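Report on the structure given below.
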Amino acid sequence: MPMSDMLMRLRKREFWVCVSGEFAATTIFVFLVCGSTLSWQDGACTVLRISLTAGLSIATLAMVIGHHSGGLLNPAVNIALIAAQKITVVEGIAYTTAQFCGGILGAALLYGLTPAEVRGELGMTTPAQNINVAQAFGVELLLTFVLVLTIFGTTDKGREHRGYEVPLSIGLCVFICHSVGIPFTGCSMNPARSFGPALVMNSWNHHWVYWVGPISGGLMAALLYEYVFSSSKVTISPA
């Protein structure tokens, strides 16, 4: 994009509505998902509860802001969309900055509003004790690969998805991936989701896994879908 076009884009209210939407939605998402990991007196901190919270939160928030920014909420998704030339580098940088700030605020709000005795690790994502770092990296890569492949498939312009079915499909994918991934890595698939609580708790155990794994998986899925599975690459012969 020419520099003049970039500057014009930055001056438009619509651009900043998109950026603020990503900030607000990521704040809410991190607050809700990390909040679902807290252990209260009922001890109901289960994989099912966390997975449902993550999936339904994504579906709902993507529906709320999807008509503005796309409801991305995830720097790994931003990078995948940049690689596929679906958003500009300027948009990607702005959304990523907003998402990281939102992740920090969401974790900070949860920390401030939560009693110390149930705060625990504040929903930080860390590899399970019985898996090694390479396995944790592989799980984050694979799960984010599935997520981004789902996002590209459900938003393919050659499909006729409308209304709530697009964010719901993505939310169901998030739910399924969390159901599988939580016992392995806590299931991040999102650097901003992991960065917020890590910064607030000042704990960085194998934190690189939650950046490199999701970004690598997202890029692989984006390139595979765009060059192999995209409706623009497939010609369907008439019956």
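The table below lists the values:
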item	result
Residue match in region 50-71 (condition: open to solvent by 10 Å² or more (accessible area, probe 1.4 Å), without any contact (Cβ under 8 Å) to a residue 24 or more places away in the chain, part of a helix (DSSP H, G or I) and touching a helix residue (DSSP H, G or I) at 6+ places or on another chain (Cβ under 9 Å))	yes
Qualifying residue in region 100-108 (condition: in contact with a Leu (Cβ under 7 Å, 6 or more places away or on another chain) and either of a type outside the set (S, T, N, Q) or buried (at least 19 other Cβ atoms within 10 Å of the Cβ) (or both))	yes
So residue 146, is it more than 19 Å from the chain's Cα centre (by Cα), under 17 Å from residue 212 (Cα atoms) and not hydroxyl-bearing (Ser, Thr, Tyr)	no
Among residues of region 109-141, those that are crowded, with 20+ Cβ neighbours inside 10 Å and of a type in the set (A, V, I, L, M, F, W, C), counted	7
Cβ pairs under 6 Å, 6+ apart, first in region 206-224 and hydroxyl-bearing (Ser, Thr, Tyr), second open to solvent by 20 Å² or more (accessible area, probe 1.4 Å) and in a helix (DSSP H, G or I)	216/141
Subset of region 23-37 that is of a type in the set (A, V, I, L, M) and open to solvent by less than 10 Å² (accessible area, probe 1.4 Å) - its residue that is farthest from residue 116 (Cα to Cα)	25
Residues (over 13 Å from the mean Cα position of the chain (by Cα), touching a residue at least 12 places away in the same chain (Cβ under 8 Å), under 21 Å from residue 217 (Cβ atoms) and assigned to a loop (DSSP other than H, G, I, E, B)) located in region 72-91	84, 87
Failed item in (1) assigned to a helix (DSSP H, G or I); (2) of a type outside the set (Ser, Thr, Tyr); (3) within 20 Å of residue 185 (Cα to Cα); (4) touching a residue at least 60 places away in the same chain (Cβ under 8 Å), with residue 94 passing the rest	(3)
Sole residue being of a type in the set (Gly, Ala, Ser) and modelled with pLDDT under 95, chosen from 138, 106, 120, 112	120
Condition check for residue 76: modelled with pLDDT of 95 or more, open to solvent by less than 40 Å² (accessible area, probe 1.4 Å) and of a type outside the set (Asp, Glu)	yes
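Listed here are the residues, each with its yes/no results for (1) of a type in the set (Lys, Arg); (2) more than 21 Å from residue 80 (Cα to Cα); (3) surrounded by fewer than 18 Cβ atoms within 10 Å (Cβ to Cβ).
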residue	(1), (2), (3)
158	no, no, yes
165	no, yes, yes
189	no, no, no
193	yes, no, no
204	no, yes, yes
209	no, no, no
214	no, no, no
221	no, no, no
232	no, no, yes
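Results for (1) touching a Ser or Thr at 6+ places or on another chain (Cβ under 6 Å); (2) within 17 Å of residue 141 (Cβ to Cβ), shown as yes or no for each residue.
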site	(1), (2)
160	no, no
165	no, no
169	yes, no
174	no, yes
178	yes, yes
184	no, yes
203	no, no
206	no, yes
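The values are calculated or read from the model by the stated rules, or taken from the named source; none is laboratory data. On a predicted model such as this, the values are computed, not experimentally measured, just so you know. Using ideal geometry, Cβ is built from the backbone for each residue, glycine included, and neighbour counts are taken over all protein chains shown. These area figures cover heavy atoms from the full protein model, side chains too; ligands, DNA and RNA do not enter into them. Shrake-Rupley method; radii C 1.70, N 1.55, O 1.52, S 1.80 Å.
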